[in-house]
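Have a look at the structure below before the remarks.
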Amino acid sequence: MNLLSKLERFVAVSGDSPEQRTQKSAFLAYAFAMIPIGFTWGGLYAIFGEPLAALIPSSYAVFVFFSIALYLLTRNYRLFVGTELFLVLLLPFVLQVVLGGFVNSSAVILWSLTAPFEAFVFAGRRQAVRWGAAYVFLVVLSGLVQPYVRLENNLSLGIKIWFFVINIIGVSLIAIALINYYIGQRDRAYSLLDREQQKTESLLLNVLPRKIAAILKNESRIIADRHEHVSILFADMVGFTPLSIQMTPEETVSLLNEIFSRLDELVEQRGLEKIRTIGDNYMVVSGAPGARADHAQALADFALELRNTVQAVATRRGYPIQFRVGINSGQVVAGVIGRRKFHYDVWGDAVNLASRMESHSEPDRIQIAQSTYELIKEDFLCQPRGEIEIKGVGRVLTWFLIARKGSAVPLH
């Protein structure tokens, strides 16, 4: 745990964001660091015979100490920052007047320049502009009062030169440190923002196709398209309800998660589009939202891999798991529905018939409609099933998809 993390326990109040806690702890650490600097400057002036000048930076250190104590009691951050900025702006001007102007004080008013830098980092850009204007005013005022201050002080020319060096280096180091801290916090914020955007992107791609997600992010319109050449697959686990009764809830979810996670990987590998999972039902589309000439062949390959995957899981787990699968090809309308829990979906007679192909299929079989058969018959081995009666449709000619031609043919 670093220093800022430790200080957060002392400075944070209820309701502070992580950025506010970090900002407050950083400012507290900065204020603590300024205390020894004030006492050091006061000690140097005392050593070189300027007791009144020594009192000013020493008083600054004391005031900062008490302002820290007051902040820890009241947690009034605005008062804390305002007090520090006022002190660091005004006291170098007073010290310069006491020492006899720009040259005699080695331009000690440069320390007032840290006020707008501090305001920019710890109070915001608007405050930085105000404190910057106040700094310019004090520099101009220093020039106006120059003729009325004493001409000499107890510091020798050599000591004045070294104070010039110390003042320039000191102010420069503080300015660099503040800028470095600000850039670090900005980069950290950008990194966190980028990480959150990636999470959002990942979540969006989990529910929408990449092409549709890009449109949804950049445009505010109804997303709806007609796709002339699409293949649709439905798959449903046979006897899932009685099987789930015999399993614990954890076992049921674990089984479905394993099966559907593997199917999701196959969908991604094949460049298909998963539409939805409802219970033990799985729906996939090929050819939408991106058109492809081999939409039927790609979905047929996926269906065969689906069957092999389910058989492998069933063997390993020892459950009698089988899926009915149905495929149809044709024209669909696709689009995004919903405003909050939106999802990409497809509609049309081709979708309805694909669903009927699944519900009228047999366990561990892949039933395809004639439209799909005509598209894949040159590449795949299909077994005629004949006509079956489909409610609301009539008699439909169907086939069972067996295997890709040239591969081992499973026995049924």
How much of the pair distance distribution for the chain lies past 31 Å, counting alpha-carbon pairs only, in percent? 60
Hey, if you put +1 on the Cβ of every Lys and Arg and -1 on every Asp and Glu Cβ in the chain, which of 72, 22, 312 ends up farthest toward the positive end of that dipole? 72
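Among DSSP beta bridges lying fully in the range 222-404, give the percent that are antiparallel, nearest 5. List each step's numbers first, then the result.
On the way: 42 of 45 bridges.
Approximately 95 percent, going by the DSSP bridge assignments.
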Counting Lys and Arg as +1 and Asp and Glu as -1 over every other residue whose Cβ sits under 13 Å from the Cβ of residue 238, the net charge comes to -2
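Could you sort the peptides 324-336, 231-243 by per-residue average Cβ neighbour count (10 Å cutoff), highest mean leading?
Working: 324-336: 22.6, 231-243: 20.0.
Ranking the peptides 324-336, 231-243 by packing returns 324-336, 231-243.
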Once you treat every alpha carbon in the range 75-168 as an equal point and sum by Debye, what is log10 I(q)/I(0) at q = 0.10, 0.14, 0.21 Å⁻¹? -0.29, -0.54, -0.96
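Under the classification rounded if a/c is under 1.5, otherwise prolate if a/b is larger than b/c and oblate if not, where does the range 362-412 fall, given a ≥ b ≥ c as square roots of the Cα gyration tensor eigenvalues? If you can, show how the numbers build up before the last one.
Working: a/c = 3.16, a/b = 1.68, b/c = 1.89.
Verdict is oblate for the range 362-412.
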Long-range amide H partners of residue 390 with built H, under 5 Å: 395, 396
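Run the dipole for the chain about the Cα centre, Lys and Arg Cβ at +1, Asp and Glu Cβ at -1, nothing else charged, and hand back the magnitude in debye, nearest 20. Before the final figure, lay out the partial values.
Values: 40 positive and 36 negative charges, 184 e Å.
The dipole magnitude comes to about 880 debye.
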To the nearest Å, what is the center-to-center distance of the range 29-74 and the range 287-314, using C-alpha atoms only? 75
The range 222-404 shape via C-alpha gyration tensor axes, a/c threshold 1.5: oblate
Taking the dipole about the Cα centre of the chain, with the C-beta of Lys and Arg at +1 and of Asp and Glu at -1, give me whichever of 90, 185, 124 is farthest to the positive side. 90
Are there any GluC sites (Glu not before Pro) in the range 301-387 that are in a DSSP loop and have at most 13 other Cβ atoms within 10 Å? List them by number. 378
The chain: DSSP helices with Cα axial extent of at least 20 Å and average Kyte-Doolittle hydropathy no lower than -0.5: 18-47, 51-74, 77-99, 125-145, 157-207, 249-270, 295-317
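Based on other C-beta atoms within 10 Å, arrange 274, 391, 377 from fewest to most. Don't jump to the answer; show the numbers that get you there.
Details: 274 20, 391 8, 377 15.
Starting with the residue having the fewest Cβ neighbours, the order is 391, 377, 274.
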Using the Cα centre of the range 222-404 as the reference point, and only Cβ charges (+1 on K/R, -1 on D/E), how large is the resulting charge dipole? Debye, rounded to the nearest 20. 280
Straight-line reach only, C-alpha to C-alpha below 17 angstrom: list the aspartates and glutamates that residue 24 could link to, leaving out same-chain residues fewer than 8 apart. 8, 16, 84, 118
Tally Lys/Arg at +1 and Asp/Glu at -1 over every other residue whose Cβ is under 12 Å from the Cβ of residue 84; what's the total? 0
Would you work out which of 31, 58, 168 lies farthest towards the positive end of the dipole of the range 3-201? Charges go on Cβ: Lys and Arg +1, Asp and Glu -1. 31
Where labels lie 7 Å past Cα in the beta-carbon direction, separation of residue 86 and residue 59 in nm: 1.4
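Read-outs: derived from the displayed coordinates by stated rules, not from any lab. As the structure is a prediction and not an experimental result, all values here were calculated from the model. With ideal geometry, Cβ positions are generated from the backbone for all residues, glycine too; neighbour counts draw on all protein chains shown.
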